[in-house]
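The values are calculated or read from the model by the stated rules, or taken from the named source; none is laboratory data. Values in this document were obtained by computation on a predicted structure and should not be read as measured data. For neighbour counting, all protein chains shown are included, and Cβ atoms are generated from backbone atoms with ideal geometry for every residue, glycine included. Keep in mind that these areas ignore ligands, DNA and RNA; they rest on the heavy atoms of the full protein, side chains included. Shrake-Rupley method; radii C 1.70, N 1.55, O 1.52, S 1.80 Å.
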Amino acid sequence: MSEYTSLEKIRLQKIEELRAEGIEPYPTRAERTHTSAEAIAAFEAAGDGVEVKATLAGRIRATRAMGKLSFAHIEDGAGKVQLFFRINELTQPRVDFFNKMFDIGDFIQASGVMFRTKTGEATLHVHDFKLLAKSVSPLPADKDVTQEDGTVVRFAALEDPELRARQRYADLAVNPEVRETFRKRAALIKTLRTFLDNHGFLEVETPILQPLYGGAAARPFETHHNELDQDMYLRISFELYLKRLLVGNLERVYEIGRDFRNEGVSYKHNPEFTQLEFYWAYADYLQVMELTEQMVSYAAEKVSGSTKVKYSEHEIDFTPPWKRLEMRAGIKETSGIDIAEHPTAESLLKAILAKGRTPDPKSTRGKLIDFLLSEYLEPTLIQPTFLYNYPRDISPLAKSMPGDPLTVERFEGYVAGFELCNAFTELNDPLDQEQRFLEMGRDYEAGDEEKHPMDEDYLRAMRYGMPPNGGFGMGVDRLAMLLTNKHSIREVLLFPALRKEEFGE
RNA sequence: GGGCGCGUAGCUCAAUGGCAGAGCAGUGGCCUUUUAAGCCAUUGGUUGAGAGUUCGAAUCUCUCCGCGCUCACCA
């Protein structure tokens, strides 16, 4: 345990004094009749001369002592309300007791009658009060005031992004808009569930701890089961397990849960993130496209109140239909390179080098196309756009287009210049799938660390027969960013991954 | 992992080679309708850690730690 600061020592001293006076600083039970918002609403609704009694409970956020009277603001889950202490009802020693022993950050219970102050604020006139929990460490100091025009001005807010993420509890305690962000996030996830439930999808849970990983090109976290003496992996996607369920005649399934990828961290990547995947029997990627724009616009409407949301300097319009752009055309338009004219990696690499760009020279053709996509096309895709038809060699689980074996029926949804979702007409041919795994295995030999291992059980499932189907995956955190106007994934994760903190011994 | 930047009181920030400061928070006092309450007084620092240069380092150099931005990576 680290040393207490001088401010903390003063508060610890107060705790001792309270106990010496027979006052428990952490009493077991609390009472309240109204939340702050309920008390104010009841007061506003009551007619003149009607007394509104209330017992409130919350955390002290500001105090203003004036000798024979004191004001304080407390905050609870519903908002803030002002308390008014006066010697007439409480006696001077009780007012002094409040001023001396209560600090910002303490939890208090106060009973009294609602009234309006000279400045018009609905306030609890306190007749009795009680400490509910003493705060030892001062919250990161923060004061704000709502001005007459309704704007909130914040003074000395807690802003350090590291501290805010590491001590999210303090961030939440002092920054109400952070609480609002996470309420919106919860609403988003609930909305996605409702939408899929209403469309006949069954929510399922598949293993997070897996003997073999797959379904995406990513490096996994590895762990070990002691009793089984077996290496295990944290899943990098849900895909292969959800598609096993289609074999089992569950026609529409979805899962919302955590994926883990042992890779870099950035404003749009966290090592664990929330993924939504669904698989839809007898549908293809075009039907999935339509369901996607419906689902996302529905979520935007429910969470933000409109299918148009402000993001940075843009207004993103999720109203269907979204723009559809064939990937080849989009790349040609933005980079000037027509990938169809370059059927080999060598030829395409030459064309890119001629532009003065330098991709990894060992890249496959698919990787080069992806390079063009992210370098030229992706930043231009601000409004929701479906890019469709992808090269086969970077899509080992997607079905080829009839008559064009090198292209697969796949789309990705882009918004605000980043990838939001990824979907395809799923490969359901077990022999083709085995071939793709083998190709991936060869790439793996060549040193790529992100290739699919052969999943024999998945192939066994496929051999029983899998209905044709469309599959879909979406980064829920990224959608949460879009709907809350946040520009880092850390802002929509309560506890984002951070380097381990060193505490003194 | 590479590049750039940042780290000063509990919080937000000054001080660019010459006495480490302000506002808020805290502590003591005055104050019966305040709301960033006000007024008077006052506490609080190993300037992220360590080493070096210098008469003198928050400031310059090096190493380390942490964070941010960015590149790579992330089909």
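Brief remarks follow.
- Here the contact order of chain A, divided by its residue count and restricted to Cα pairs under 8 Å and six or more residues apart, works out to 12 percent.
- Distant-in-sequence amide H partners of A:H34 (H built 1.01 Å from N, under 5 Å): A:T55
- The string of couplings for segment A:461-473 from the Karplus curve (6.51, -1.76, 1.60, θ = phi - 60°) is 4, 4, 5, 6, x, 10, x, x, 7, x, x, 8, x Hz, one whole number per residue in order, with x for Gly and Pro.
- Filter on A:K323/A:K367; A:K68/A:K130; A:K332/A:K399; A:K355/A:K486 - keep pairs with C-alpha separation over 27 Å: A:K355/A:K486
- By average C-beta atoms within 10 angstrom, highest first, the peptides A:224-230, A:397-403: A:397-403, A:224-230
- Note on A:A37 and A:T344: with the Förster distance fixed at 51 Å, the Cβ-Cβ geometry gives a FRET efficiency of about 0.20.
- Within straight-line reach of A:K310, meaning a Cα separation under 13 Å, sit the following aspartates and glutamates at least 8 residues removed in sequence or on another chain: A:E301.
- Packing, taken as the mean count of other beta carbons within 10 Å per residue, orders the peptides A:114-123, A:163-172 from highest to lowest as A:163-172, A:114-123.
- For segment A:6-138, diffusion coefficient by Stokes-Einstein and Kirkwood Rh (Cα), 4 °C, 1.567 mPa s, µm²/s: 86
- Heavy atoms of the protein chains alone define the surface here; on that basis chain A has 50 Å² accessible area per residue at 1.4 Å probe size.
- Global form of chain A, assessed from the alpha-carbon gyration tensor, a/c cut-off 1.5: prolate
- Taking 0.36 nm per residue of separation and subtracting the current Cα-Cα distance, fully stretching the chain between A:L494 and A:I382 would add 37.7 nm.
- Solvent-accessible area, 1.4 Å probe, carbon plus sulfur percent, for chain A: 51
- Amide H contacts under 5 Å for A:L420, placed H, 5+ residues apart: A:G413, A:Y414, A:V415
- Taking a ≥ b ≥ c as the square roots of the eigenvalues of the alpha-carbon gyration tensor, segment A:341-484 is classed oblate because a/c is 1.5 or more while a/b is no larger than b/c.
- Pairwise FRET efficiency - A:N262 versus A:Q13, Cβ, R0 = 56 Å, nearest 0.05: 0.70
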